[in-house]
Amino acid sequence: MKAIVVIFSLFVSSLNLAQDYTEFLTGNPNDVTVNPNFGICLMGGATENDNAMTWFLNKANGGDVVVLRATGSDTYNDYFYSQLGVTLNSVRTFVIASAEGATHPYVLDKINKAEAIWIAGGNQLNYISFFKDNAMEDALNNFINNKGGVIGGTSAGMAILGSAYFTAENGTVLNEDALQNPYAPEVTLGYNDFLNIPFLNQTITDTHYDNPIRNSRHSVFLARYASDNNSIVFGLACEEFTAVCINDEGRAFVFGDYPSFNDFAYFIQTNCTNEFLPETCLPNQPLTWNRNNEALKVYKIPGTANGENYFELSTWQVGTGGVWQNWYVDNGVFYNNDAAQPNCFNLSGSEISWKQVSIFPNPSSEVIFIESLPLVAKVEIFDLQGKAYDFTLLDNAINITQLNSGFYLLKISDWKRTKVFKFLKK
C-alpha cells in the first residue's frame, strides 16, 4: 500500500506540473528530522566514485536526499538508496525544467527539509538560469550555511559550486581559444553572486580535467578573476573519475583508483607574492601570466580508494600524498613544471607568529580562542554574505553566543598579511 501511495503522488505531480518539474521518489514519503553533518562532495564528471558517494550519504545521518537535475530521470534514486549500503529515509529527484519549477513551493519545501543535496551533470547554464537570483538560490544557501547540510555535484553540478564559475552561456571553450583571448565570447564567468559555500570562496572549479585536458582554460578563468577583481583566486579541479570530499574543517580528501588509473585532483592558487596579477590579460591579446615562471602554485593529488590523501583548504598550504607544481602562461602558451612547497607566510612582518596562528574549538557554541595572535593585529568577523558582526576580544577569546548558528569568517590581519579562518557556530 505504501508503494501505491508513493507512485500515485508522483503521477499527480508530474501530470499537473509537467512543464515545471518532474519528481521521482524512492523510500519513505514522510520527512524525518535528523541533524546532518556539513560536507562538500565534488565529482569529476564520469562514473561516480562509490566510496566518495558513501562518504557523502553518510553525512545525511539517515535523513532525506534531494537530487536536482535539469535533464534525465531517476538514475540516482536506487543507487543512493539501496546500492551503497547507507541507510536513508528517502531519495527524491527533481528534474527541473524552468525557474518556475525550481521555485515552486513544493520543491522548496523538500529542499528545506533535506539533509543532503546532490546536483547532477548536464549543462550548468540550466542550473544558473533556473536556480540563481530567486528563492531556490536562497534555499540552497540557507541549507548550506544555516542548516549545515551536505552538498555535492558532478560535472555541471560541481561547476556551479565555487563562488565564481564558468557559465557556458555561449557554449564550452577550448584551451587554445581561451589562451589567445581571455575575453573571448565563450569565456563567460560569474563572480561571487550565486552560491556561498564554505571553503570555496574565491574559487573556480573545473571538471572532466583529463578529457579533454583543461588546465590551460582553467588558468585563463583564474587569470580573468584575478584581473577583473584585483584579487587572489583559487581553483579546484577533478579528473573525470576523481572526487574531492571536504569536511567541516576544510580537509579535502581525494578519492579515485590510483595507482591502477591516473586519477588526480588539483588545488590551484595564485602565488603568494605582492606582484601576483597577470602581466597581460586583455581582450583580443594572448594571455601572459608568468611571474617568474610561477604564477600559479598547484598541489596535484592522486585519488585513492580510501581517500587517505588530502589537502587543507583552511590554509592552502598543507597536503599529503601529492606534488607541487608551477603553472604559468607566456604569450598564450601554457607551461608547468615541478615546484617546491610555497611558504605564503613569508609576506608577514611577523612570520613566526603568523605560522602559529590558529583558532579553537571549531565548531563552537560559545567561545572561539585565537592561539598565537600577533601583537599588532586586527580581528574581524563576517558572515558568508560579507556582513560584519561586533564582538568582544578579551585575552584572545571571542564570545560568539550572540551569533546565529551557521558558518562565519574570522579575519586576522596586520599591515601586510591577512589570514582567514572559517568557523561553525553551533
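The values are calculated or read from the model by the stated rules, or taken from the named source; none is laboratory data. None of these values were measured; they are calculated from a predicted model. Glycine gets a Cβ as well: all are built from the backbone with ideal geometry, and neighbour counts include every protein chain shown.
In region 220-237, of all residues being in contact with a Pro (Cβ under 7 Å, 6 or more places away or on another chain) and not hydrophobic (A, V, I, L, M, F, W, C), the one that is farthest from residue 266 (Cα to Cα) corresponds to 227. Checking region 153-172 against the condition returns no match, with no residue being farther than 29 Å from residue 281 by Cβ, free of Cβ contacts under 8 Å to residues at least 60 places away in the same chain and within 15 Å of the chain's Cα centre (by Cα). For region 148-169, a tally of residues being out of contact with any helix residue (DSSP H, G or I) (no Cβ under 7 Å at 6 or more places or on another chain) and either over 17 Å from residue 41 (Cα atoms) or modelled with pLDDT of 95 or more (or both) returns 7. Among the conditions (1) in contact with a strand residue (DSSP E or B) (Cβ under 6 Å, 6 or more places away or on another chain); (2) assigned by TED's automatic domain parsing to the domain that holds residue 196; (3) modelled with pLDDT under 90, the only one that residue 314 does not satisfy is (1). When region 173-218 is filtered for residues that are over 14 Å from the mean Cα position of the chain (by Cα) and among the β-branched types (Val, Ile, Thr), the ones remaining, listed by number, are 173, 187, 188, 213. Can you confirm whether region 29-40 contains a residue that is touching a Lys or Arg at 6+ places or on another chain (Cβ under 9 Å), touching a residue at least 40 places away in the same chain (Cβ under 8 Å), under 16 Å from residue 74 (Cα atoms) and surrounded by fewer than 19 Cβ atoms within 10 Å (Cβ to Cβ)? Within region 29-40 (the criterion being touching a Lys or Arg at 6+ places or on another chain (Cβ under 9 Å), touching a residue at least 40 places away in the same chain (Cβ under 8 Å), under 16 Å from residue 74 (Cα atoms) and surrounded by fewer than 19 Cβ atoms within 10 Å (Cβ to Cβ)), the answer is yes, since at least one residue qualifies.
Determine if region 180-190 includes at least one residue that is touching a residue at least 40 places away in the same chain (Cβ under 8 Å), closer than 21 Å to residue 72 by Cβ, out of contact with any helix residue (DSSP H, G or I) (no Cβ under 9 Å at 6 or more places or on another chain) and not in a strand (DSSP E or B). No: zero hits. Of the helices (runs of 4 or more DSSP H) lying entirely inside region 46-106, not one carries at least 1 residues that are out of contact with any Gly (no Cβ under 7 Å at 6 or more places or on another chain), at pLDDT 95 or above and not assigned by TED's automatic domain parsing to the domain that holds residue 117.
When restricted to residues that are of a type in the set (Lys, Arg) and in contact with a Phe, Trp or Tyr (Cβ under 8 Å, 6 or more places away or on another chain), region 190-226 contains 1. Within region 191-219, the residues that satisfy the criterion of being within 27 Å of residue 279 (Cβ to Cβ) and either surrounded by 19 or more Cβ atoms within 10 Å (Cβ to Cβ) or not assigned by TED's automatic domain parsing to the domain that holds residue 38 (or both) are 202, 203, 204, 205, 206, 209, 214, 215, 216, 217, 218, 219. Out of the residues in region 294-315 that are under 24 Å from residue 274 (Cβ atoms) and not in a strand (DSSP E or B), which is farthest from the chain's Cα centre (by Cα)? This residue is 294.
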